[in-house]
Structure formats: C-alpha cells, structure tokens
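The next block holds one structure in the form of structure tokens; read it before the comments.
The values are calculated or read from the model by the stated rules, or taken from the named source; none is laboratory data. Treat the numbers as computed from the prediction; the structure is a model and nothing was measured. Cβ atoms come from the backbone with ideal geometry, glycine included; neighbour counts cover every protein chain shown.
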Amino acid sequence: MIKSDIGIIGLAVMGQNLVLNIERNGYTVAVYNRTLEKLNEFINGKGRDKNIIGCYTLDEFCNSLKQPRIIILLIKAGKPVDDFISKLLPLLKSEDIIIDGGNSFFRDTIRRSEKLENEGIQYLGVGFSGGEEGVLKGPSIMPGGSIKAWQQMEKLFQKISAKINGDPCCFYIGSDGAGHYVKMVHNGIEYSYMQLISEVYFILKKLLGITSSELAKLFAEWNEGDLNSYLIQITSKILAEKDPETGKPLIDVILDTAKQKGTGKWASQEALEMGIAIPSITEAVYARNISSKKDERLKASKLLEGPIPHFSGEINKLVEATRKALFAAKICSYAQGFSLLKAASEEYKWQLNLKNIAHIWRKGCIIRSHLLEQIESAFQHNKNLDNLLLDSYFSNVIKNNQKDWRYIVTLAVKNGIPVPALSSTLSYYDSYRNPSLPANLIQAQRDYFGAHGFERVDKEIGRIFHYDNWPPLYD
C-alpha cells in the first residue's frame, strides 16, 4: 500500500484547495472528512486521478501515513479542534506531528502545545492566509510551535507558499501560539483596512453621488499607485459587478450588515490586556457590531436627526484628498498592528522577527500590499523600531497627507457620514505625536476620589505622590 506524505482532516473549500496545492507540489496526500458525502464528492471530483487517498475512518487515515505522521487539521476553531486531537491521540506515536491550520485563538494553541508536548506529540499552530484562491495557488503561511516540527515541515510549507522574487512567504514565527497570534493580528489589520476602504467608498458615494461603475474605475486607478493592494483590487472588481436578477450594481443589493468570526475581536481584547492602542482595529469591530443592528438603525433613522450630505466644492480635489486620507490612515493601521506584535514578542518571549512577518504578508495573504515592501525595509534598517510612524518614509507620507486626511474627516463629520475608523485613526496619530495629553487631569481625578497617587513632571519617573489638601466636595 502506498503511504501518504501528509494527511489533511477537513474538506471545506480551504481544506480542499490546500490538498490540491500540496499534491500539485509533488506530495501524496491522505484526506478525511467527518461528513463522508463531502469526502466522496472531493475524491471523485477535484481530487480524481491525483495522488490523493480518501480515508473513511481515522484508523485508516492514520495507518495510511508515513512515519512520523504529519496531520493538518483544517476545521472550525475551538472545541472541534480539541475533539479531533482527543480522537487522534490514541492512534499516534511519539514524534508524530499535528498541525492546526485553522484560525484558533492563540491561547488555545499555547495550551494544546503544552499538552501535546507532554504526550510526546509535536504540535504546530499555523496561520494560512489568502482565501480560497490563495491557499490553492500559494498562501502566506505563519507557522508557530515545535521548532523540531517546523524543521520537518519547512521544505513543504515553503514550497507551497506564495513567493516574492523566489523567496517564500513563510518563515518560522516562534514557539507555541506565535503563529496563530501573528495570524490574529493579520486579521485585525484586515478588519481595519476593510473598514477604512468602506468609509472612503461611502464618503464618495454620499457626497458625489457617483455610480458604482465610476467608483470601480476610480479604485482600479488607485490600485495602480501607492494604494496598490489586494483589497483595493477586489473592491474595484466588486463595484463593477451587476446583479443578474435585477441588473442593478451588485453592491446595491447586498444588505449592509457585516459579519465576523472573532479574530478582530480577539486582537482588540489582547491589545487591551497588553495596554497597546489599536483603535483602527477596534473601531472596525465596533462598526461591524453596529451594522448588525439593522432593525434598530431603521427605527433610529426615523427619529434621530442629522445633516443631509451635500458637497458643492471641487470634485477632483475631494477625490484626491480621499485617496491621500486613506493612505495615511492605512499606514497608521499597519503601525498599530506591528506595535501589538512588538509588545507580544516581549510579553511571550517569542523574539518575533517583524521584518520576516512583513515579508510573509507581502504576497498570498488578504492584507498583501505594496506598502509592506516599505514596512519590510523599515524593519531591515531598524529591527528595534518602536513604531512605523518613527520611520522617515512613513512620517513623510503622513506629513504630506495629513492636511487632506483632516479635511476628509471634518467634511464627513459636518455631513453626518460615519467614519469611525478614519477619525479614530487620526486621533491615534495626533495622540502619538503629541508631547502632552490630558492624562494629567485623569490622574488628578483618580487621586482626588481614590488617593491613587500621581507622578510629577519635576521629579523622577516612578516616584508616586499624593496630594493631601484636595478640597472636600461637601462641607
């Protein structure tokens, strides 16, 4: 019996495409799916006449693999991963490898890594990004966990990954949950950039009333310049599509309620725990939350007043200002994500290579962008860079774009157009660049009502003072 090089459990679209990618690169793949109907459909369809072996039980699946066995799980995050690991453990031997390729929460990956290491099983938590097409043709891959397992998987992963001038978009990230952490931050940046693009689209639509096909051409033009990215590219294609049922622009028949799977929320929660400001990402999560309240918004629209959007200025000026605002906000969004990675690297002792992470994201993934080449260069020149905004390239872009950015946010607010990500990102920039903030008043308030103490500007940092003569509120 021919033994397979690797096994994959989970044959949803991502799983199927990863199987086809691995097989195309010269490997024999065993596959298993909980629903046998989907297994049969795949091996008799897309997997037909390929080096793919369908297995109908986990016993058969594990026995079909070369040793040490290598198993990739591409299943729903959470309890299903734990359940499958429990089913696999009795069938595996020491040094076998389990790889979780789903969007698992990094703390779950840390827990599983420790548990499986004690069982003698090597474990990797791997972030795959690129969507259906990317996983098939070459994804961005973010592996974390057992270094020994990585050494065994390095050749395969780098072979199937996206490439930049022949260099793979796949490097070892770090121990236990590092790979899934980096994927979580990737998805957080993805949330924020999608929200920023949607706000820009909304401003242009509300103020100029231009058609979706005209907007499609505009985004296509933007994609030829410094905004070049996967998300801008697909936005231009989305806006050009017509609904086959009504003939209307497809975008106009899609309900304005955005769903989410949790990775953006995880990034926001983790940033709060770490004390790192990522308002672009958090506002994007909030924006999806409020979009889901469609019924409430319809009721509120009949009761709550606001300005009617109107613009009588120069159209070309508005369009160019909007482009520059989007680029500036995008830079700040990426800066926040990398700041969170830097903090996590220290907190979890992962020694993350931010240059390598920028390289991994340059091709194959959802947030791939021309901008990442500059980010990679920034960390090449200074691996200890505290924030991308301190790099000369990015600080100069913001310097040249911020007037237009402020103009667009002001214009949106005056016209009652919600721009939570554009505006909060601008506030992040202003807070970061400002040598003084109103936190001194907050500290005084805390000392007044709770005797929490404060530091002084004229004394050494870390020394705590309390003011004993706050006047009583009541006699």
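Counting only residues that are in a loop (DSSP other than H, G, I, E, B) and without any contact (Cβ under 8 Å) to a residue 60 or more places away in the chain, which one in region 27-44 is surrounded by the most Cβ atoms within 10 Å (Cβ to Cβ)? Show your work before the answer.
In the first step, residues of region 27-44 are kept if they are in a loop (DSSP other than H, G, I, E, B); the result is 27-28, 33-35, 44.
Then drop every residue that is not without any contact (Cβ under 8 Å) to a residue 60 or more places away in the chain, which leaves 28, 33-35, 44.
Details: THR28: 19, ASN33: 24, ARG34: 14, THR35: 10, ASN44: 10.
For region 27-44, the residue satisfying everything is ASN33.
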**Request:** Considering only residues that are touching a helix residue (DSSP H, G or I) at 6+ places or on another chain (Cβ under 9 Å) and loosely packed, with under 12 Cβ neighbours inside 10 Å, look in region 432-464 and name the one that is farthest from ALA325 (Cα to Cα).
**Result:** VAL457
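Within region 184-193, is there a residue that is at pLDDT 95 or above, within 18 Å of VAL409 (Cα to Cα) and out of contact with any Lys or Arg (no Cβ under 8 Å at 6 or more places or on another chain)? So that I can check it myself, show each step before the final result.
So the first thing to find is which residues in region 184-193 are at pLDDT 95 or above, and the list is 184-193.
Applying the additional criterion that residues be within 18 Å of VAL409 (Cα to Cα) yields 192-193.
Right, trim to out of contact with any Lys or Arg (no Cβ under 8 Å at 6 or more places or on another chain) and you get 192.
Yes: one or more hits.
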**Asked** Quick one: which of LEU411, LEU385 is in the same structural domain as LEU304 (by TED's automatic domain parsing), part of a loop (DSSP other than H, G, I, E, B) and either modelled with pLDDT of 95 or more or closer than 14 Å to ARG433 by Cβ (or both)?
**Response** LEU385
**Asked** Is it true that some residue in region 339-347 is modelled with pLDDT of 95 or more, in a helix (DSSP H, G or I), of a type in the set (A, V, I, L, M, F, W, C) and within 27 Å of PRO309 (Cα to Cα)?
**Response** no
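Kindly check whether there is at least one residue in region 2-13 that is hydrophobic (A, V, I, L, M, F, W, C), within 23 Å of GLY130 (Cα to Cα) and assigned to a helix (DSSP H, G or I).
yes
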**Fill in**
For region 88-116 the number of residues that are surrounded by fewer than 14 Cβ atoms within 10 Å (Cβ to Cβ) and in contact (Cβ under 8 Å) with a residue 24 or more places away in the chain is 3
**Asked** Any idea which of VAL419, VAL413 is surrounded by fewer than 20 Cβ atoms within 10 Å (Cβ to Cβ), of a type in the set (A, V, I, L, M) and out of contact with any Lys or Arg (no Cβ under 7 Å at 6 or more places or on another chain)?
**Response** VAL413
**Message:** I'd like to know if region 391-406 contains one or more residues that are surrounded by fewer than 16 Cβ atoms within 10 Å (Cβ to Cβ), outside any strand (DSSP E or B) and in contact (Cβ under 8 Å) with a residue 40 or more places away in the chain.
**Reply:** yes
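Can you tell me which residue among LYS330, LYS363 is assigned by TED's automatic domain parsing to the domain that holds PHE202 and within 19 Å of TYR428 (Cβ to Cβ)?
Details: LYS363 fails: within 19 Å of TYR428 (Cβ to Cβ).
When all the criteria are applied, what remains is LYS330.
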**Request:** Search region 45-85 for residues being of a type in the set (S, T, N, Q) and in a loop (DSSP other than H, G, I, E, B), and hand back the single one that is farthest from ASP5 (Cα to Cα).
**Result:** THR57
